[in-house]
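> Pasting a structure here, questions to come.
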Amino acid sequence: MKVLALNSSPRGEGQSKTELLLSHLVQGMQAAGAHVDVVHLRQQKIKNCIGCFTCWTKTPGVCVHKDDMSATLLPKFLAADIVVCATPLYHFTVNATLKAFIERTLPILQPFLMEYQGRTVHPLRHPHPGMVMLSVAGFHEPSVFDQLSSWARFIFAKKLLAELYRPGAEALTTAYYAPKAQSILAAAHQAGRELVQNRQVSAETLALFGQKIEEDPIAWRTMGNLMWKSCIAEGLTVKEFAERGRPPRPDSLESFMMLMSMGFNPQKAGDTRASIQFDFSGEVEGACHFKIADGTIQAFEGAAAQPSLVVRSPFGVWMDILTGKSDGQQLFLSKAYTVEGDLALLMRFDQIFGR
Ligand SMILES: Cc1cc2nc3c(=O)[nH]c(=O)nc-3n(C[C@H](O)[C@H](O)[C@H](O)COP(=O)(O)O)c2cc1C
């Protein structure tokens, strides 16, 4: 089986979630014996269709443009048994790069108008390969793909073999979501195998691929907003922020409590029983505390009844430590913040809250 796998993300390897998922799908296809040609459309020259219809009249089946699409990509498309269209979701549909590719497949149609199942269609000039639509989105709701799916089903009709949609895709490369990401990537691999073996993807694999990634939409949005605010405040691109590998900077007591709770590592906490209180001053004032027991954490606003440890710090100072901007030990020695109670607990913060 010959497969043409098109990746239309403009982002490079390491950042592109389209490419990440496509690579696992491709590995699954190869494991099932397919010959897969992966084409990164960002590296190809594909001019826009100019609507001259020359490919329908003067030179039937041949486009006026002399570019990569005419020279290599359209022949590859026609020779493939399956074409995978992998695209980031842009404005709730395929991105312009993939759309340009699809528009340039016009030569494979004939101009004539005919009726098929109650609607007007153009007859094919060449047999059409089976199509797979794979897309990734930033938003976490599965419904973000409704428009794309409706379009893909309409345009590819019975040639559409499978739709693989991954909402909340940016989370796939964050440490916090690593276990779910593993299962999603394994599902992409399995989908590749199934496509080669059965020309379809089972409901079970589709469910694993599209499984819910976020645990709490409010925390999801809060963390997303903190990430954007951190990038803006520090003048970082999203790529630079991700490469730094540090958490986003909380800007309120609520977002601090949320981030600490998400950072809690039950394995590293082990049988720790403790109540940890923070008293903040400066840009954000107030107290909150965390109760840790039996591998769980609970966050509360206000002071604890009997804290094992109290950290008193200007909010900005502690956030600098939390986001790795400043060294906690050095700031402790310079008395930028103070602690009272179980110091050994403070020493284990990196582990207990290191998830
Ligand atoms: C121009 C643009 C438009 C986008 N539109 C949407 C959108 O409509 N819905 C959505 O959930 N995410 C949207 N996103 C986010 C991307 O789908 C998301 O970041 C995705 O992971 C990018 O895929 P990539 O990493 O393979 O490039 C958009 C991103 C860009 C740059």
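Where a number appears in this text, it was derived from the coordinates with a stated rule and is not lab data. These figures come from a predicted structure and were not determined experimentally. Note: ideal-geometry Cβ built from the backbone for every residue, glycine included; neighbour counts use all protein chains shown.
> Hey, any idea what the orientation-averaged projected area of the convex hull of the stretch 2-209's Cα atoms comes to, in nm²?
Averaging across all directions leaves 11.6 nm² for the Cα convex hull.
> Could you rank the peptides 277-286, 85-94 by their average count of other C-beta atoms within 10 Å per residue, with the highest value first?
Answer by packing, highest mean first, reads 85-94, 277-286.
> With only Lys, Arg, Asp and Glu charged, each at its Cβ (+1 for the first two, -1 for the last two), find how big the charge dipole of the chain is about the Cα centre; round to the nearest 20 debye.
It works out to roughly 1600 debye.
> Let me ask another. Can you give me the convex hull volume of the Cα atoms of the stretch 41-125, divided per residue and expressed in Å³?
Output value, Cα hull per residue: 125 Å³.
> K335 to T173: FRET efficiency via 1/(1 + (r/R0)^6), r the Cβ-Cβ distance, R0 35 Å, to the nearest 0.05?
That gives a FRET efficiency of 0.35.
> Can you give me the relative contact order of the chain as a percent, contacts being Cα pairs under 8 Å and 6 or more apart?
Once normalised by length, the contact order is 13 percent.
> In addition: Taking the Cα-to-Cβ direction at Q27 and at Q110 and moving 7 Å from each Cα, how far apart do the two end points lie in nm?
4.5
> Output needed: percent of Cα pairs per 20 Å distance bin for the chain, bins running from 0 to the one holding the longest distance.
26, 43, 23, 8, 0
> What is the sum of charges, Lys and Arg at +1 and Asp and Glu at -1, for the other residues whose Cβ falls under 14 Å from the Cβ of Y116?
+2
> Report relative contact order for the stretch 204-333 in percent, whole number only (criteria: Cα-Cα under 8 Å, sequence separation at least 6).
20
> To the nearest 20 debye, what is the magnitude of the charge dipole of the stretch 2-209 about its Cα centre, counting +1 on the Cβ of each Lys and Arg and -1 on the Cβ of each Asp and Glu?
Approximately 520 debye in magnitude.
> Something else: Grab every C-alpha pair in the stretch 234-355, bin the distances at 10 angstrom width from 0 up to the longest one, and report whole percents.
Spelled out bin by bin, the stretch 234-355 gives 13, 46, 34, 7, 0 percent.
> Give me the distance in nm between label points sitting 7 Å out from Cα along the Cα-to-Cβ direction at A79 and D294, one decimal.
6.4
> Based on the Cβ-Cβ distance from A71 to H35, what FRET efficiency comes out when R0 is 22 Å, to the nearest 0.05?
Plugging the Cβ-Cβ distance into 1/(1 + (r/R0)^6) gives 0.60.
> Normalised by the number of residues in the stretch 2-209, what is the relative contact order in percent for Cα pairs under 8 Å and 6+ residues apart?
25
> Using mean Cβ contacts within 10 Å as the protection proxy, how do 223-234, 181-192 order, highest first?
For the peptides 223-234, 181-192, the packing ranking is 181-192, 223-234.
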